[in-house]
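Only one structure is covered here, and it is reproduced in the block below.
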Amino acid sequence: MPTEFDTFEIQGPVLFVPNRHRDPRGIFAETFRADEFRDAIGDVDLVQENQSISHPINTVRGLHYQAEPHAQGKLMRVVQGAVLDVAVDIRPHSPTFGRHIKIELSAENWYQLWIPPGFAHGFKTLRPDTHVIYKVSDYYSPSHDHGIAWNDPDLGIDWELYGQQAVLSDKDRQQPRFCDVTPLFAGGAIPANVSRQHGQFAAR
């Protein structure tokens with residue numbers, strides 16, 4: 001059976017939900033098919049696969065993006081534990097510029113989130129020892145690797161920490177504010193007609 005997919009109010013991200021087949025032995029699913037992926041996304045090649053293991057709960061990784069000409073799309077999947085996954089629209093001419101989606105990905109729900117180029121991405125672990133695997137549409141390029149402060153108040157992201165401290169890398173503690181990096185997107189300033197109102201959407 002084909003994979004189901006949902007879209008969001010912010011155009012671009014897609015949530016894939018593999019159909020799982022159960023029998024007394026356990027569960028089987030096709031977790032990725034290039035033809036179904038291209039039917040939903042378009043002509044995109046996934047060229048590299050990465051894995052992260054985050055031991056503490058409330059580990060925050062992000063917000064990260066690669067600049068053109070090596071911008072990356074990401075297909076995110078959790079194989080152990082769970083994360084709150086966040087993607088911020090940083091496409092300067094998008095009507096949803098600066099807004100974000102967030103959704104829980106877990107080993108139990110098998111969701112896979114496609115985040116296209118033009119989004120800054122991050123996640124917070126909801127359980128200890130969380131394993132995340134993701135495919136990307138361009139190779140890692142250190143000279144194009146950038147980030148935005150995960151807790152920038154202009155973005156209005158509720159990371160659902162409930163008074164607890166995030167666990168961060170030194171790099172992510174020092175990421176710049178959104179307002180300081182927006183002129184770099186596509187080499188120009190923020191369009192005058194783009195609203196600076198921020199918000200979130202969730203699927204399913």
Worksheet item: Cα-based Rg of the stretch 72-141 per 2.2 N^0.38 Å, rounded to two decimals?
Response: 1.13
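Compute the normalised compactness of the stretch 14-146: alpha-carbon radius of gyration over 2.2 N^0.38 Å, N being the residue count.
Details: Rg = 15.1 Å, N = 133, 2.2 N^0.38 = 14.1 Å.
Cα-based Rg divided by the globular estimate yields 1.07.
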Item to complete: Percent of Cα-Cα pairs per 10 Å bin, from 0 to the last occupied bin, for the stretch 30-85, please list those.
Response: 15, 45, 34, 6
Worksheet entry | In Hz, Karplus ³J(HN,Hα) per residue of the stretch 16-33 (6.51, -1.76, 1.60; θ = phi - 60°; x = Gly, Pro) | 9, 10, x, 7, 9, 10, 10, 8, x, 7, x, 10, 9, 8, 7, 8, 7, 9
Fill in: Per residue accessible area in Å² of the stretch 45-183, where ligands, DNA and RNA are left out and the probe is 1.4 Å
43
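Please list the equivalent ellipsoid semi-axes of the stretch 110-173, computed as the square roots of five times the alpha-carbon gyration tensor eigenvalues, in descending order and whole angstrom. Spell out each step's value before the answer.
Working: eigenvalues 93, 58, 34 Å².
So the three semi-axes of the stretch 110-173 are 22, 17, 13 Å.
The values are calculated or read from the model by the stated rules, or taken from the named source; none is laboratory data. Computed from a predicted model, the values in this text were never measured in an experiment. Quick note on the areas: whole protein, heavy atoms, side chains included, nothing else; ligands and nucleic acids left out. Shrake-Rupley method; radii C 1.70, N 1.55, O 1.52, S 1.80 Å.
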